[in-house]
Every structure is written in structure tokens, then in C-alpha cells.
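To start, the structure itself, in C-alpha cells.
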Amino acid sequence: MLKFNRLKMVGAVALTIALSGTMVACGNNGAANGGISDTSQGVAATVKVKDKNDKELNLQIGEKIVTEYVQDFRERNELTDNDAWAKWLADNALTPADVRTQVINFYEQELLRDEAAKMYDVKVDESEVQAALDDIKKQFDSDEAYQEALAATGMTEEEYVEKVLEPNTLQTKLAEAVEAAEGNNTDV
């Protein structure tokens with residue numbers, strides 16, 4: 001049961017993170033953040049960053065992905081009815097504007113992480129993600145227990161890998177790269 005709760009907790013944490021400003025990736029197509037930067041329905045926010053050549057970039061978060069995220073969240077959590085949505089918002093002391101801000105903040109963090117990964121030349125390969133998945137599976141007594149826990153998260157294994165494991169693996173490798181770079185820049 002403890003192992004089931006770990007993956008379930010990861011799913012719950014992912015959902016919590018999804019609405020707390022550092023959300024798990026949702027809808028990122030991996031192609032230079034094309035999904036995030038789709039401004040066909042307007043610009044929700046602009047993130048100013050400097051690249052590794054110290055050139056200022058204006059990275060845009062498209063309105064489309066923000067709207068789609070909120071719609072998907074509502075559908076997945078059976079909150080499509082306005083009364084149910086209003087109750088959920090009240091129960092969580094949120095307004096629609098709060099949710100929108102949190103979604104934008106998540107995508108901002110994703111853009112910043114991806115730009116930092118470019119700056120430090122950090123990439124995640126399939127074998128690293130597979131190793132992380134294998135480590136998680138080892139926490140369960142059986143494949144059936146793992147599948148039950150995965151189902152409790154509301155994600156398929158593919159979604160779990162894409163939305164949780166890949167970003168977490170990238171984040172870990174990025175933290176290691178930054179630490180190594182800072183270690184090389186210290187005066188002795």
C-alpha cells in the first residue's frame with residue numbers, strides 16, 4: 001500500500017504543482033516550446049530572459065495553451081459544470097484569475113527551465129528517463145500494483161513519463177550542471 005501511495009502521491013503532487021505555480025508540463029510538444037509559444041489566440045504573457053550570449057529574448061506564452069490547460073483540468077476533474085467549478089474554486093480559496101496566473105507561472109517556469117537547459121547544454125536522453133521509470137516500478141511489489149497506482153494518478157504511463165519524469169530528470173540534470181558550473185567559478 002505504501003508503494004501505491006507513493007505513485008498516487010506523485011500524481012497528487014503533480015496536480016498540486018499544476019495549480020501552484022510550478023506545474024508539471026502539460027501540452028508541451030517538445031518542439032522548442034511551440035505549444036507554449038502558440039500565440040494564434042493572443043499572448044497571455046511575455047517572459048524576458050537572456051540567452052547564453054547575453055542576448056535578451058522575449059519568450060511568449062500563448063493564450064491558447066493557458067485556456068486549453070484550464071479546460072483540460074476542468075474536464076479531467078469533472079468540473080465542467082459551472083457550479084462544480086465555482087465550488088472547487090471556493091473550496092481551494094481561488095478565483096479564476098488565480099488559476100490563470102498559476103497556469104501562466106507554470107509555463108513561465110517551464111520556459112525558464114528549458115532556456116537554462118540550453119544555456120548549460122543539458123539534455124535528457126531516453127535511457128535516463130527509462131532508468132527513472134524503472135526505479136519507480138521497482139518500488140512496487142508487482143506490475144499490477146504499479147498499474148493500479150498509475151491509474152490512480154489519472155495519467156497513462158506515456159503521460160506520466162512526458163509530464164513528470166522527463167521534466168524532473170531534466171531539472172535534476174540542470175541542477176547538477178549549475179552546481180558544477182558554480183563550483184568551477186568559485187575563487188579559492
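The values are calculated or read from the model by the stated rules, or taken from the named source; none is laboratory data. A quick note: this is a predicted structure, and the numbers were derived from the prediction, not measured. Here the Cβ positions follow ideal geometry from the backbone for every residue, glycine too, while neighbour counts run over all protein chains shown. The area values use the complete protein model at the heavy-atom level, side chains included, leaving out ligands, DNA and RNA. Shrake-Rupley method; radii C 1.70, N 1.55, O 1.52, S 1.80 Å.
Computed values, structure above
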{"quantity": "Pairwise FRET efficiency - Glu157 versus Thr39, Cβ, R0 = 45 Å, nearest 0.05", "calculated": "0.90"}
{"quantity": "Of all accessible heavy-atom area on the range 130-188, the percent that carbon and sulfur account for (1.4 Å)", "calculated": "46"}
{"quantity": "Lysine pair number, Cα distance threshold 29 Å (strictly under), the range 51-155, separation 8 or more or different chains", "calculated": "11"}
{"quantity": "Projected label distance in nm at Leu57 and Asp141, using a 7 Å step from Cα toward the beta-carbon", "calculated": "4.8"}
{"quantity": "Å² per residue, accessible surface of the range 46-175 at 1.4 Å", "calculated": "58"}
{"quantity": "Cβ-based net charge around Val47, under 9 Å, with every Lys or Arg adding one and every Asp or Glu removing one", "calculated": "-1"}
{"quantity": "Extension gain, Gln130 back to Ala90 (0.36 nm per residue minus Cα-Cα distance, nm)", "calculated": "10.4 nm"}
{"quantity": "Förster-model FRET efficiency, 30 Å R0, Arg76 and Val178, C-beta, rounded to 0.05", "calculated": "0.35"}
